[in-house]
Amino acid sequence: MVFHMNRFENQIAIVTGAGRGIGESIARRLASEGARVACVSRSEANSAKVAEAILAAHPGAARAYAVDVADRGAVLATAEKILADFGRVDILVNNAGVTRDGLAMRMSEEDWDVVIDTNLKGAFNFIQGVMRPMVKQRAGRIINISSVAGLMGNAGQANYAASKAGLIGLTKTLARELAGRNITVNAVAPGFIKTDMTEILPEAVKTGVLSAIPLGRFGDPEDIAAAVAFLASSEARFITGQTLTVDGGMVM
């Protein structure tokens, strides 16, 4: 991995779902390139653990916050606290996500609601929490973590695929609304990435998925973090409203 030591110097980033997996990788990557990171997780223990690990390597570069992104009031209060603690926000990465898989015919309303509320509304909640200050400073990067499921659908994931496709529509609309204020809004759509969430899948399922990936391997959380770091950087200043698919060629 190529790291650009100080490309995010003096920048403040919020990463949701930063307590493990892809979110943790994104938080670590941004901190390693000079950002100070607000690590947001539903679990106080998880966000604290990641923030401590970042602080050990990069003193002063992280703080932990615990909030359920689906809880609008709590998110707006947390966004205010982050702004008070750091003074500004330059980068928002909406990564928090859950799954409640099941065939649509048998899916409960609760399983539908919790996935839409966390994955889609949760992103919108945090965007509204930081939008005004970004508009005022006439600069910002918003990056929404979608999924290949949102591009191609996936049997047993009607709720998840709908939430991730919704994020892409949200990304494009915000890109149009905020372009005049020098704020770019993009999405990253991971394919099959090795995390705790995917480790528990049966071997037969993993083998089936592998056969659909031209590069012949699963991705690492660091592959997603690298894409996010690029889109958050000044090198991506002319890119907005796009979905960058990081999937080994699975969707093309």
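We did not get these values from a lab; they are worked out from the coordinates using the rules stated. Worth saying up front: this structure is predicted, and the values here are computed from it rather than measured. Cβ atoms come from the backbone with ideal geometry, glycine included; neighbour counts cover every protein chain shown.
Can you compute the helix-only [θ] at 222 nm over the chain? Use -39500 (n - 2.57) per DSSP H run of at least 4 residues, normalise by all residues, nearest 500 deg cm²/dmol. Intermediate values should be presented prior to the final figure.
Details: 10 runs with 114 residues, N = 252.
The per-residue figure over the chain is -14000 deg cm²/dmol.
If you find the alpha carbon centre of segment 98-171 and of segment 196-252, how far apart are they in angstrom?
Distance between centres, Cα-based: 17 Å.
Once amide H atoms are placed 1.01 Å from N in the peptide plane, what residues at a sequence separation of 5 or more from VAL246, or on another chain, have their amide H within under 5 Å of its amide H?
Amide H to amide H, under 5 Å and 5 or more residues apart or across chains, VAL246 pairs with ALA189, GLY191.
So what is Rg over Rh here for segment 1-134, counting just Cα atoms and using Kirkwood for Rh?
Values: Rg = 15.3 Å, Rh = 15.1 Å.
The Rg/Rh ratio comes out at 1.01.
Provide VAL251, VAL130 in ascending order of the number of other Cβ atoms located within 10 Å of each residue's Cβ, fewest first. Walk me through the numbers before you get to the answer.
Working: VAL251 13, VAL130 23.
Going from sparsest to densest Cβ surroundings: VAL251, VAL130.
Rounded to the nearest 20 Debye, what is the dipole magnitude of segment 128-224 about its Cα centre when Lys and Arg each give +1 and Asp and Glu each give -1 at the C-beta?
Computed about the Cα centre, the dipole is about 700 debye.
Return one number: the angle in degrees, 0 to 90 and rounded to the nearest 10, between the long axis of the Cα atoms of helix 158-178 and the longest principal axis of the Cα atoms of the chain.
Taking Cα atoms only, the helix is inclined about 30 degrees.
Order by neighbour count: PHE230, PHE238, PHE192, fewest other Cβ atoms within 10 Å first, most last.
Values: PHE230 17, PHE238 6, PHE192 21.
The order, fewest Cβ neighbours first, is PHE238, PHE230, PHE192.
What label, among [x] 18.0, 57; [y] 17.2, 51; [z] 18.9, 57, belongs to Rg and Dmax of the Cα atoms in Å computed from the structure on display?
Read-out from the structure maps to [y].
Would you mind ranking ILE193, ILE143 so that the residue whose beta carbon has the fewest other beta carbons within 10 Å leads the list? List each step's numbers first, then the result.
On the way: ILE193 21, ILE143 27.
Ordered by Cβ neighbours within 10 Å, fewest first: ILE193, ILE143.
Return the FRET efficiency for the residue pair SER108, MET5: r is the Cβ-Cβ distance, R0 is 35 Å, and the value is rounded to the nearest 0.05. Could you put the intermediate results ahead of the total?
Working: r = 49 Å, r/R0 = 1.39.
Using R0 = 35 Å, I get an efficiency of 0.10.
What is the helix-to-structure angle for 72-86, meaning the angle in degrees between its Cα long axis and the longest Cα principal axis of the chain, kept from 0 to 90 and rounded to the nearest 10?
That works out to roughly 40 degrees.
Quote the FRET efficiency, to the nearest 0.05, computed for ILE200 versus ARG138 with a Förster distance R0 of 41 Å and r equal to the Cβ-Cβ distance.
Result of the calculation: an efficiency of 0.40.
Residue by residue, what Karplus-based ³J(HN,Hα) values in Hz, rounded to whole numbers, does segment 130-140 have, using 6.51, -1.76 and 1.60 with θ = phi - 60° and x for Gly and Pro?
For segment 130-140, the Karplus-derived couplings read 10, 4, 4, x, 5, 4, 5, 7, 6, 6, x Hz, x marking Gly and Pro.
For segment 1-110, which chymotrypsin sites (Phe, Trp or Tyr not before Pro) are both in a DSSP coil and crowded by at most 13 other Cβ atoms within 10 Å?
PHE3
What does the extension gain come out to for LEU76 and MET152, with contour length at 0.36 nm per residue minus their alpha carbon separation?
This chain segment gains 24.1 nm when fully extended.
So what J values fall out for segment 46-57 if you push phi through Karplus, 6.51 cos²θ - 1.76 cosθ + 1.60 with θ = phi - 60°, rounded to Hz, Gly and Pro as x?
Per residue, the Karplus-derived 3J(HN,Hα) values read 5, 5, 5, 4, 5, 4, 5, 5, 5, 4, 4, 8 Hz.
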